[in-house]
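The values are calculated or read from the model by the stated rules, or taken from the named source; none is laboratory data. The shown structure was predicted, so the numbers you read here are calculated from the model rather than taken from an experiment. With ideal geometry, Cβ positions are generated from the backbone for all residues, glycine too; neighbour counts draw on all protein chains shown. With ligands, DNA and RNA removed, areas are computed over all heavy atoms of the protein, side chains included. Shrake-Rupley method; radii C 1.70, N 1.55, O 1.52, S 1.80 Å.
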Amino acid sequence: MEPSNPTRDPARERFAALAHLIDLPEAARSLLAESNPGHQGHRQIALHKTSHTTIALFAFEAGGVMPLHQAHGAVIIQALSGHLTVVTAEGAHEVTAGRVLVLAPDVPHDVTAQEASQMLLTVSLAPPKV
């Protein structure tokens with residue numbers, strides 16, 4: 001769930017269009033410029049949200065964390081900059097700029113920023129089509 005932030009347009013307005021062209025560098029600049037201090041060393045904003053798909057941008061400070069959690073859908077973690085360590089039961093996954101980590105639904109994981117980092121997160125709840 002996205003934290004409440006009175007400086008942002010309401011989510012209903014941000015997601016109303018039928019097409020969204022997202023400028024990731026501009027979204028990151030805006031996110032970092034917000035006066036909200038964030039939570040546990042990171043800030044986030046949902047860039048797109050439907051009943052089945054969420055795309056969110058995260059800006060981490062060095063040492064910022066997302067404690068152990070899981071999502072009921074497939075999780076796609078893309079490092080736009082920096083270095084993230086994502087830990088699952090299988091071990092630590094080093095996700096650096098240009099790398100993508102895909103997790104199956106319901107995989108518990110945590111995220112730690114080894115340095116200031118930006119992450120694009122996509123969660124897809126839609127059933128896979130094989």
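Can you name the strands (runs of 3 or more DSSP E) wholly within the range 33-130 that have at least 3 residues being hydrophobic (A, V, I, L, M, F, W, C), closer than 24 Å to HIS20 by Cβ and under 12 Å from the mean Cα position of the chain (by Cα)?
Working: elements: 42-49, 53-60, 65-69, 74-81, 83-88, 91-96, 100-103, 109-113, 117-124.
Because the criterion is at least 3 residues that are hydrophobic (A, V, I, L, M, F, W, C), closer than 24 Å to HIS20 by Cβ and under 12 Å from the mean Cα position of the chain (by Cα), the strands (runs of 3 or more DSSP E) in the range 33-130 that meet it are 42-49, 53-60, 74-81, 117-124.
Selection within the range 107-130: residues that are at pLDDT below 95 and open to solvent by 50 Å² or more (accessible area, probe 1.4 Å). The member of this set that is farthest from ILE55 (Cα to Cα) is VAL130.
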